[in-house]
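Nothing in this text is a laboratory measurement; each read-out follows from the coordinates by a stated rule. The structure displayed is predicted, hence computed values, not measured ones. Here the Cβ is made from the backbone with ideal geometry for all residues, glycine too, and neighbour counts use every protein chain on show.
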Amino acid sequence: MHPALLYVPGRRLSLSELSAARLDGDVVEIGDAYIPADLVESPDVRASSVAELVRPGTAAAGPTAAWIHGAGAAPPAVHHIRRSVPRRVRPYLSGRLIFHDGALVESEIEHIGGIDVSTPLRTMLDLATGLHRDARLREWIERLARADPALVAESLDAMTQWNRVPGSRIGRSVLERVALRTW
């Protein structure tokens with residue numbers, strides 16, 4: 001996506017100008033930005049809209065990555081990022097951001113819309129193993145499963161290789177129930 005098509009409040013136009021353009025039907029909200037109303041909402045557009053939160057050395061993860069990969073219409077209220085480099089990073093933190101310090105390996109990262117994003121498989125695995133801490137992640141699992149039904153079976157296969165991973169038993173149980181559904 002060309003950066004000229006992404007309108008971040010305060011850059012070229014103020015929030016009030018973008019709100020007026022939205023009321024006129026010229027732009028629509030996506031994540032933390034606005035795009036022309038006739039632009040297709042694709043993963044690179046979604047990723048670009050949250051690029052200011054995903055700094056170098058980090059990647060969109062969890063619900064944020066699920067949304068970027070096409071799960072659901074609205075972004076999560078609180079975004080998740082994960083370290084994408086082997087060294088420690090000092091992330092930008094805010095009330096709208098949760099930082100996970102466990103690093104992603106190179107094979108678990110995709111570059112979309114100018115930022116690093118965890119792959120759909122890694123995203124599903126993170127969501128499933130995070131259920132024991134936050135039950136709201138189940139909604140994101142179901143949304144991601146609707147966006148890519150084959151991902152559930154792929155995630156279950158990956159989890160069979162694991163031994164003593166926190167949250168994996170609960171996550172596997174939920175994924176097995178989701179696999180029984182037909183979207």
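Here the peptides 76-82, 31-37, 65-71, 166-172 are ranked by packing, the mean other Cβ count within 10 Å, and the order with the highest first is 65-71, 76-82, 31-37, 166-172. Whole-Hz Karplus values for the stretch 63-80 come out as x, 5, 5, 4, 5, 4, 7, x, 7, x, 8, 10, x, x, 5, 10, 8, 10 Hz, taken residue by residue from phi with 6.51 cos²θ - 1.76 cosθ + 1.60 and θ = phi - 60°; glycine and proline positions read x.
A simple count of charges around residue 18, restricted to other residues whose Cβ falls under 12 Å of its Cβ and scoring Lys, Arg +1 and Asp, Glu -1, yields -2.
Taking each DSSP H run with n ≥ 4 as -39500 (n - 2.57) and averaging over every residue of the chain yields -10500 deg cm²/dmol at 222 nm.
Taking square-rooted eigenvalues a ≥ b ≥ c of the alpha carbon gyration tensor, is the stretch 1-43 rounded, prolate or oblate, where a/c under 1.5 means rounded and, failing that, a/b exceeding b/c means prolate? Show your work: numbers first, answer last.
Details: a/c = 1.91, a/b = 1.28, b/c = 1.50.
Oblate.
Could you tally the net charge around residue 104, taking each other residue with its Cβ under 15 Å from the Cβ of residue 104, Lys/Arg +1 and Asp/Glu -1?
On the way: positive: 55, 82, 83, 87, 88, 122; negative: 101, 106, 108, 110, 116, 126.
Once positives and negatives cancel, what remains is 0.
Can you compute the charge dipole magnitude of the chain about its Cα centre, using +1 on each Lys and Arg Cβ and -1 on each Asp and Glu Cβ, nothing else charged? Give it in debye, rounded to the nearest 20.
In debye, rounded to 20, the chain gives about 840.
The stretch between residue 89 and residue 161 holds 23.0 nm of extra length on full extension. This uses 0.36 nm per residue minus the Cα-Cα distance.
Among the chymotrypsin sites (Phe, Trp or Tyr not before Pro) in the stretch 77-143, which ones are in a DSSP loop with at most 15 other Cβ atoms within 10 Å of the Cβ? Mind listing them?
Details: sites: 92, 99, 140; in loops: 92.
Listed in order of number, the matching sites are 92.
Taking the DSSP beta bridges with both ends in the stretch 48-167, the antiparallel portion is around 55 percent.
Between residue 111 and residue 74, what's the calculated FRET efficiency when r is the beta-carbon distance and R0 is 22 Å? Round to 0.05. The calculated FRET efficiency here is 0.40.
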